[in-house]
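The values are calculated or read from the model by the stated rules, or taken from the named source; none is laboratory data. Only a predicted model underlies this, so the values are computations on that prediction, with no experimental measurement involved. Please note: Cβ atoms are built from the backbone with ideal geometry, for glycine as well, and neighbour counts cover all protein chains shown.
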């Protein structure tokens, strides 16, 4: 389940935020900064870009929260803004110029590994490393679909593509992850992939 | 034969929906096939593993920057300003198209989906020193034409711009030394570096200006 939907905030604070209360804005930030940052860093794999997405997201949240009607949970509303910001960075030429070296990806995986315990930490670090090796758009689709729970149609709309594109990216990403896991000895390699069964 | 990953993903996602188990024929195959069952289970576990990845703490102290960012209400006086910036960007794009003789840098800068050719690819066509010098002059004009930098800048963008400008200053310094007798190959390499750095700088500045005008 997406961490955006696990975070909760008092509706009274949301009402105050909608009226422009600066303290309420800060409380919204405190409640959702971590999910926003994590969404951005999982998609972009770069702490600096993730930080900028987080900053831009909350500037927009504060600017537009007056128009938030409460039809969807606040977390889902903020998540959409954050996802759009992260995808916008992914599309930009700026992203290609500022994409960090593989070494930085590795250090990120090591940091996460150090934060966990035993085998779980090792597995998490390995999964981080494998996700980092996916093409950025493929990784974004996998994260938005499998973790954040967006539908293919929703992802397609955000990316300006078709639902088929999202489906094929998801499938391609999982195939690549499987190959990486097979190479790492995490899965058996006898699985045949075919369109018929 | 086994089910494809795409089919297994559809089955996995159908399982999560109330009252749906996916394509019955596929379901029957997977139920009777150990390899497909194992693969389906792996896909399920992988999704859970991704959802369970340790959360990463965002950097501290960002709230002040967010709280101090100027409001950009679309209904305010800023809207004409945004249109003005957008118009000036269009002029820059037009100018670049005319200056660079069919190799419009901004067409590549503005390409949205990763089809941007690296600057070095463009430069390969301009191996001649005179062409590199001419290209550097055009890029210089282009940089002059870009709108000023926004009041609120992204830390990463700012670092990238500073780094490019520092590298460019170093190249310019080397090229400007009267006592430095450069072999033609060395001079070409320096001018090529200069053109690449300026091309990158245009891209970053253009993207920054595009973000600022949103």
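You will find that of B:113, B:180, B:174, B:207, the residue that is outside any loop (DSSP other than H, G, I, E, B) and at pLDDT below 80 is B:207 and no other. Across segment A:35-53, the number of residues qualifying as buried (at least 24 other Cβ atoms within 10 Å of the Cβ) and either more than 8 Å from every other protein chain (Cβ to nearest Cβ) or modelled with pLDDT under 95 (or both) comes to 8. Does residue A:20 fit the bill of being assigned to a loop (DSSP other than H, G, I, E, B), within 12 Å of chain B (Cβ to nearest Cβ), modelled with pLDDT of 90 or more and surrounded by fewer than 20 Cβ atoms within 10 Å (Cβ to Cβ)? Against the criterion (assigned to a loop (DSSP other than H, G, I, E, B), within 12 Å of chain B (Cβ to nearest Cβ), modelled with pLDDT of 90 or more and surrounded by fewer than 20 Cβ atoms within 10 Å (Cβ to Cβ)), residue A:20 qualifies.
Checking residue A:170 against (1) in contact with a helix residue (DSSP H, G or I) (Cβ under 6 Å, 6 or more places away or on another chain); (2) modelled with pLDDT of 95 or more; (3) assigned by TED's automatic domain parsing to the domain that holds residue A:64, only one condition comes out false. Which one? Condition (3) is where residue A:170 drops out. Do we find that residue B:71 is facing chain A (nearest Cβ under 7 Å) and at pLDDT below 90 in this structure? Criteria met by residue B:71.
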